[in-house]
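The values are calculated or read from the model by the stated rules, or taken from the named source; none is laboratory data. Just so we're clear, the structure is a prediction, and the values are computed from it rather than from any experiment. We place every Cβ from the backbone using ideal geometry, glycine too, and count neighbours over all the protein chains shown.
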Amino acid sequence: MTSDLSAYRSAPSLAHLHPRDRSPQRIAVLPGDGIGKDVTAEAVKVLAACAERFDLPLELVHLDWDADRYLTSGETLPEGALDDFRDYFSAIFIGAYGDPRVPDMKHAADILLGIRFGLDLYINFRPIKLHDAHLCPLKGKGAKDVDFVVFRENTEGAYVGVGGIFKKGTADEVALQEEIHTRKGVERIIRAAFEYAVENGRANVCMADKSNIMQYGHDLWTRCFAEVAEEFPAIETQHYFVDALAMQLIRAPERFDVIVTNNMFGDIITDLSAALQGGLGVATSANIHPGRTSMFEPVHGSAPKYAGTGRANPVAAILSASLMLDFLGHKQAAEHVEEAVRATLREGQSTPDLGGKLTTEQVGDLLAQGILGAVAVG
Ligand code: NAD
Ligand code: IPM
Ligand code: MN
């Protein structure tokens with residue numbers, strides 16, 4: 001990392017990735033299950049406050065595609081939904097999916113992975129940013145040390161569902177679960193990571209794989225990384241085996257600017273990295289195909305034990321909504337939300353996961369009112 005690039009570090013923008021010809025900008029809102037519903041209600045409040053304060057042309061369409069609906073009707077992602085999203089919507093906002101009554105996650109897989117795969121949202125963009133030093137569990141690390149983004153491949157790898165079970169339930173049972181890595185899929189996520197580095201003043205792109213043992217699929221990653229890197233001579237590169245990366249993220253998170261990795265490893269390291277910034281209660285994500293309808297969601301799941309208790313932190317959902325505002329071209333509103341969140345975190349005005357005493361709703365109200373200018377936040 002070089003200091004002359006540091007001025008750009010806090011101002012990443014996704015706006016150039018959005019199809020700009022739509023007005024009003026229609027957003028599908030899918031709260032999902034468990035705390036997904038609780039946190040989405042607060043994100044919607046904040047979006048409404050932003051729409052009012054900044055005069056944004058947003059139109060929210062609420063879709064109750066949850067476990068209850070699946071259990072009563074059998075329906076998950078309705079037929080034609082993906083075409084409608086692609087043709088008539090600018091973005092999709094999701095709370096979280098997962099319900100103990102649906103142990104195989106059928107509805108979650110159909111809806112969540114259905115949207116990621118069906119809309120070909122190949123970039124899972126997960127920024128890791130320490131909004132206030134006291135939230136970091138690492139000794140001696142501050143905001144400047146924990147500030148990187150993960151580009152998780154989002155359409156292939158271990159998530160393709162290719163495999164099968166032979167002689168199920170017998171002593172001779174065989175289970176096969178394939179990973180699929182394509183040159184097109186690997187190249188485009190690596191290129192997206194490098195392009196982001198260039199456009200956002202990031203000095204270094206790190207690729208993580210397990211090519212020492214996954215000698216076919218991850219060899220493709222190693223070769224594609226070297227090839228794409230040649231197109232970006234100004235960007236430094238580093239390579240880690242993912243086990244070593246897990247250790248380095250704890251020991252020296254300041255080494256990282258942009259990390260690019262496959263679907264499964266990206267899933268795991270972003271939960272780990274979330275802990276560096278205060279936990280899943282603040283970790284955000286965007287699922288993007290540049291130029292197309294894209295999807296925004298917190299990194300966390302439905303945390304069923306907290307559903308309806310007021311203990312869920314809505315900040316991850318609210319900051320994911322802020323990523324969405326940025327993608328939709330509303331940078332000022334997005335920055336305003338982030339600043340309001342940072343101020344409340346600094347002051348300890350938070351839910352119990354961050355040591356505060358506020359409820360989910362109180363945090364949402366405070367931020368929405370702060371954005372409207374009704375109360376001073378922080
Ligand atoms: P989880 O992310 O739901 O929760 C793990 C733990 O993190 C919780 O018990 C809680 O202590 C904490 N946590 C998470 N979000 C929080 C928040 N907003 N505020 C405060 N604390 C929070 O993961 P899990 O328990 O492994 O999974 C629960 C369900 O969610 C499962 O069905 C899983 O498959 C699903 N899931 C869905 C998504 C998604 O929809 N994107 C992501 C991860 C897990
Ligand atoms: C996430 C989640 C999902 C994933 C699950 C719920 C399918 O863990 O968004 O990180 O593995 O991608
Ligand atoms: Mn995950």
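Of everything in region 297-313, what is in contact (Cβ under 8 Å) with a residue 60 or more places away in the chain and surrounded by fewer than 17 Cβ atoms within 10 Å (Cβ to Cβ)? Give them in sequence order.
P304, G308, G310
So, of the residues in region 135-169 that are part of a strand (DSSP E or B) and more than 30 Å from T344 (Cβ to Cβ), which turns out to be farthest from the chain's Cα centre (by Cα)?
Start the filter on region 135-169 by keeping residues that are part of a strand (DSSP E or B), which leaves 147-153, 157, 163-166.
From what is left, the residues that are more than 30 Å from T344 (Cβ to Cβ) are 153, 157, 163-166.
Numbers: E153: 12, G157: 17, G163: 27, G164: 29, I165: 32, F166: 35 Å.
Checked region 135-169; the qualifying residue farthest from the chain's Cα centre (by Cα) is F166.
Test G279 against the criterion of being surrounded by fewer than 24 Cβ atoms within 10 Å (Cβ to Cβ), within 16 Å of ligand 3 (Cβ to nearest atom), touching a residue at least 24 places away in the same chain (Cβ under 8 Å) and closer than 30 Å to D84 by Cα, and give yes or no.
Judged against the criteria, G279 is not a match.
Would you call Q238 at pLDDT 95 or above, of a type outside the set (V, I, T) and not in a loop (DSSP other than H, G, I, E, B)? Let's see the steps before the verdict.
On the way: at pLDDT 95 or above: yes; of a type outside the set (V, I, T): yes; not in a loop (DSSP other than H, G, I, E, B): yes.
The answer is yes for Q238.
Exactly one of these conditions fails for D267: (1) within 13 Å of ligand 2 (Cβ to nearest atom); (2) in contact with a helix residue (DSSP H, G or I) (Cβ under 7 Å, 6 or more places away or on another chain). Give me its number.
All conditions are met except number (2).
Hey, any hits in region 106-113 for a residue that's surrounded by fewer than 16 Cβ atoms within 10 Å (Cβ to Cβ), more than 11 Å from ligand 2 (Cβ to nearest atom) and modelled with pLDDT of 95 or more?
There is at least one residue in region 106-113 that is surrounded by fewer than 16 Cβ atoms within 10 Å (Cβ to Cβ), more than 11 Å from ligand 2 (Cβ to nearest atom) and modelled with pLDDT of 95 or more.
If the requirement is being in a helix (DSSP H, G or I) and farther than 24 Å from P298 by Cα, which of these qualifies: D243, D172, D267?
Checking each option against the conditions leaves just D243.
How many residues does region 20-46 contain that are in a loop (DSSP other than H, G, I, E, B), at pLDDT 65 or above and in contact with a Gly (Cβ under 9 Å, 6 or more places away or on another chain)?
Going through region 20-46 one residue at a time, the tally reaches 2.
Taking G185 as the residue in question, decide whether it is under 23 Å from the mean Cα position of the chain (by Cα) and in a loop (DSSP other than H, G, I, E, B).
In short, no.
Quick check: is even one residue across region 306-320 among the β-branched types (V, I, T) and either within 16 Å of ligand 2 (Cβ to nearest atom) or in a strand (DSSP E or B) (or both)?
No, region 306-320 contains no residue that is among the β-branched types (V, I, T) and either within 16 Å of ligand 2 (Cβ to nearest atom) or in a strand (DSSP E or B) (or both).
Determine, yes or no, whether R202 is closer than 20 Å to A274 by Cβ and in contact with a Gly (Cβ under 8 Å, 6 or more places away or on another chain).
Criteria not met by R202.
Determine whether S350 is in a loop (DSSP other than H, G, I, E, B), among the small types (G, A, S), within 16 Å of ligand 3 (Cβ to nearest atom) and on the phi < 0 side of the Ramachandran plot. Can you show your working first?
On the way: in a loop (DSSP other than H, G, I, E, B): yes; among the small types (G, A, S): yes; within 16 Å of ligand 3 (Cβ to nearest atom): no; on the phi < 0 side of the Ramachandran plot: yes.
Criteria not met by S350.
Are there any pairs, at least 6 apart or on different chains, whose C-beta atoms fall under 8 Å, with the first in region 112-132 and over 19 Å from R188 (Cα atoms) and in a strand (DSSP E or B) and the second at pLDDT 95 or above and charged (D, E, K, R), and if so, which?
I128/D147; K129/D147
Please state which of the following conditions R346 fails to meet, knowing it meets all the rest: (1) in contact with a helix residue (DSSP H, G or I) (Cβ under 6 Å, 6 or more places away or on another chain); (2) more than 25 Å from V29 (Cα to Cα).
Only one criterion is unmet by R346, namely (1).
For A334, work out the one condition from (1) in contact (Cβ under 8 Å) with a residue 24 or more places away in the chain; (2) away from ligand 3 (no atom under 16 Å from the Cβ); (3) crowded, with 19+ Cβ neighbours inside 10 Å it doesn't fulfil.
A334 satisfies all of (1) in contact (Cβ under 8 Å) with a residue 24 or more places away in the chain; (2) away from ligand 3 (no atom under 16 Å from the Cβ); (3) crowded, with 19+ Cβ neighbours inside 10 Å except (1).
Of all residues being assigned to a helix (DSSP H, G or I) and away from ligand 2 (no atom under 16 Å from the Cβ) in region 322-331, which is surrounded by the most Cβ atoms within 10 Å (Cβ to Cβ)? Just the residue, please.
The selected residue is L325.
Which of the residues belonging to region 270-289 are outside any helix (DSSP H, G or I), away from ligand 2 (no atom under 12 Å from the Cβ) and out of contact with any Phe, Trp or Tyr (no Cβ under 9 Å at 6 or more places or on another chain)?
If the condition is that a residue be outside any helix (DSSP H, G or I), away from ligand 2 (no atom under 12 Å from the Cβ) and out of contact with any Phe, Trp or Tyr (no Cβ under 9 Å at 6 or more places or on another chain), then Q277, G278, G279 are the ones that fit.
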